[in-house]
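The structure appears right after this line, and notes come after that.
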Amino acid sequence: MKTNRKHRMRASALTPMAAALALVLASMGGSARAENATDAANPDNATQMPAISVFGDAISAGTAGRSYISSADIERQQADNVASLLDTLPGVDLAGTARPSGQSLNIWGFNKVQDVKVILDGVPKGFEKYRQGSIFIEPELIKQIEVNKGAHTSLYGNGGFGGVITVETKDAKDMLEGDEKIGAMLKYSRHSNNAENDATVAVYGRSEDGRYDAMAFTTRRKSDDLRKPDGKPFRFSAIDAPSSLAKLNIRLTPEQLLTLTAMKSGSTGWGPFAAMGEDVPTPTEAEIRKYGLEEAWQRKAVYRDQNDDTYSVKWQYAPQSNPWIKLTASAGYSHTDHPDKRLPSASLGSYLGSLGNESWASYVDRIAEVRNESVFSTGGVSHVLQTGLQWHKNVRDTLMYYPSSTALKDPTYNYGYFQPYYMPAGRQETTGLYLQDAMTYGDVTLTAALRHDRVVSEGVPNKASRYNSPLAAAGHDFSEKVHADWSPRLGLFWKASSAVALFGDLSRTWRAPTIDEMYSNEYYVSSRLGSSTPGTSRDLAVERVTAVRAGVMLHRQNVLMERDDVQLRLTAYQNRVSDNIGPRLGILIEGYVPGSGKVPPALSSYRNLAGFHTRGVEVESYYNSPRLFASASLSKQRGTRSGSQRDPWGQDEPVSTIAPDKLMAGLGWRMPDLGASIGWQGRFVAKQDRVLPVGNVYRLPPSKGYALHTLFASWNGRQGIWRGTEVRLTVDNIFNRNYMPYLSEAVTGVGRNAKLSVSRKF
């Protein structure tokens, strides 16, 4: 992909990046995946090389386009959140800050919650509260994360333009070793940067006949504020977050498995209204004298008591004698509560645009699904046929208390209690049906898929009548709206040899407008003084994407030595989005007469824009051997919007959510005789100067390039009293580099952080 010279990385940044990448691509690009695993045939032999599973155990059509993060990766990084884990993958970037409740994910330039689907044990997790994070999953509970980038899966509909992230939690089988029937684990972690203390307790076991296994897992993170590289606190970043997991597997028969899962997490503490932003405004000297230092700061913040619950049940039936049946039936429930409250001494009537002096947001997701997989042949063609029916209902309730002197006396404000007009309540119900057939003839697999979704949306009339006028001129219509359409996909996979394969995907899908996009509105005053965007947006067209990706995969063994393993993948992609949905912010409005001071009545709050396209290329490479492991990945993204978000008829502009070029590199060494490993990981990020003009409301400030380095080490006790003991040390940002990630909106990163953990299995 061609780029202008001014957009290239600085030579100083390119040198280590290119050197590291060349080293790996020369044949030592590798992975630390599953570094602590042992060979099943000889568990006591520490010299056995673990299996590599970076983008699949082998080159196949089912693994093309997918990346994985294993439990070994999670343990090695000792990450505080899921977003920072995924930030190590090419094309996936953390958006927001280091605050535990202020993070979201960006994949290939797509950063909206509806564009990046997160599925936790089969249950969708999405939270769209303005300027808040969207992912509240404790990393300690996770077994594996799979990322399918781009709109190239038929298993989930209504969005997912950036991709689908599937998170699988641990169960008893992941904790038990060998023939063990019962066990327990204690773990303690200490992080130096924010004085964080983490404690984990787990108990697990299985029956003698193997029909039952169960696990109970609880952990808690608690810390002070994070420190920036200059030593100053990153205010309101302290953590107090307990989490728990319970999972039961019941093998009803040799062919049937029932899995029950329950998860609960929470987070309490002071934070800014917009958790994805930088520090709240500094209190004045007068405020400090009047309220004291602590209360003066807290007056600028909110106290948040967040709770997130997830429950799922899954039944699997796979009779060995009938290849036509591999049936899975599942149901799930997710509930996220996000209440905020300001101090009584906070200013009254000053927070209409930031959820008032007190607010409540509740998001409930229910899902039910039945899917089947059939394996059969027609002549010389073998088929893997997947069919499924899926139902998903999302209900969101919102309310705020806005105690201004006007609102408290005004019935049109419902005396201060009403839904935020920019974050309405409502429901969205999606019913999807899909069919996918992977047809293999020789070394070629053609995958054809078709999905149909029907989305029913309905808003909840606002408790404040000024946002819920019955007058037609106001355009306050919260009634039901239905969207329905098809999503086709074609995939081609050619295994050119035992070591090389080529793949390509062409997909077209869509998403219905969200509740916020359809039912946000401003209050109606009169036809003469009406707001420029007073109405709801029920007439929005669906947003569509045409997505293409193509690439090559390489997998070779015994390259430099016996029992080594090399994997490499090159992926190029392009996404074209049409009828992009955005707020009506521009002054150029159809029907508007410049200088008249009047606008057409009942304009919608949101409108369809011309759209945009993104493109990029990624290289992933991994090397694994009994002692040496290494990795390198490089991602480059570009994006262009047709017109602008403020002026659809204006000049084209860059897509503001495109991340800068990023290289991740790693190198490690195992010492099997000692049960130890050490290693290094580097992050090299280029500058980002392809930004919107000054004054654009969507502008993110340009960022400088930077390099961050991490060291890690681990030790496993294997004999005697030390057996079952594990010690891990990870030091992030070892040189205490000052940096500002582009997608953090000019927020300073975190300073040096040494993370030590000690665990013991019994």
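Couplings 3J(HN,Hα) of the stretch 340-349, computed from phi: 10, 8, 8, 5, x, 7, 5, 4, 8, x Hz, in residue order, whole Hz [Karplus 6.51 cos²θ - 1.76 cosθ + 1.60, θ = phi - 60°; x for Gly and Pro]. Per-residue Karplus couplings for the stretch 204-211, computed as 6.51 cos²θ - 1.76 cosθ + 1.60 with θ equal to phi - 60°, are listed in order as 7, x, 9, 6, 4, 8, x, 6 Hz, Gly and Pro entered as x. Potential lengthening of the chain between W649 and R699 amounts to 16.2 nm, from the contour at 0.36 nm per residue minus the alpha-carbon distance.
Approximating the spin labels as points 7 Å out from Cα along Cα→Cβ, the R737-to-K290 distance works out to 4.4 nm. Rounded to the nearest 0.05, the FRET efficiency derived from the C-beta distance between L252 and Y422 at R0 = 51 Å is 0.55. In this structure, R752 and D443 have a Cβ-Cβ separation that, at R0 = 60 Å, corresponds to a calculated FRET efficiency of about 0.75. Looking at the stretch 430-522, the GluC sites (Glu not before Pro) that sit in a DSSP loop and have at most 16 other Cβ atoms within 10 Å of their own Cβ are E480.
Listed by chain and number, the aspartates and glutamates placed with their C-alpha closer than 14 angstrom to that of K149 are D87, D93, D115, D505, E618, E620; residues fewer than eight positions away on the same chain are left out.
Each peptide among 579-585, 317-323 gets the average number of other Cβ atoms lying within 10 Å of its residues, and from highest to lowest they stand as 579-585, 317-323. Per-residue packing, averaged as other Cβ atoms within 10 Å, sorts the ranges 108-117, 300-309 into the order 108-117, 300-309, beginning with the highest.
Under the simplified labelling scheme, the D174-D209 pair shows an inter-label distance of 2.8 nm, with each label point 7 Å from Cα along Cα→Cβ. Counted residue by residue at 0.36 nm each, then reduced by the alpha carbon distance between them, the extension gain from L492 to V456 reaches 9.6 nm. The structure shown yields Rg and Dmax of the Cα atoms in Å, and of the options (1) 34.3, 104; (2) 27.1, 93; (3) 26.5, 86 that calculated value carries the label (3).
Out of the chymotrypsin sites (Phe, Trp or Tyr not before Pro) in the stretch 600-685, which ones are loop residues according to DSSP with at most 16 other C-beta atoms within 10 Å? Qualifying residues, ordered by number: W649. Full extension of the chain between V364 and D410 yields a length gain of 13.4 nm, computed as 0.36 nm times the residue separation minus the alpha carbon distance. Between R760 and L389, the modelled label-to-label distance comes to 5.4 nm, taking each label 7 Å out from Cα in the direction of the beta carbon.
FYI, it's all coordinate maths here, none of it is from the lab. If you're wondering where the values come from, they're calculated on a predicted model, not measured in any experiment. Cβ: placed from backbone, ideal geometry, glycine included. Neighbour counts: every protein chain shown.
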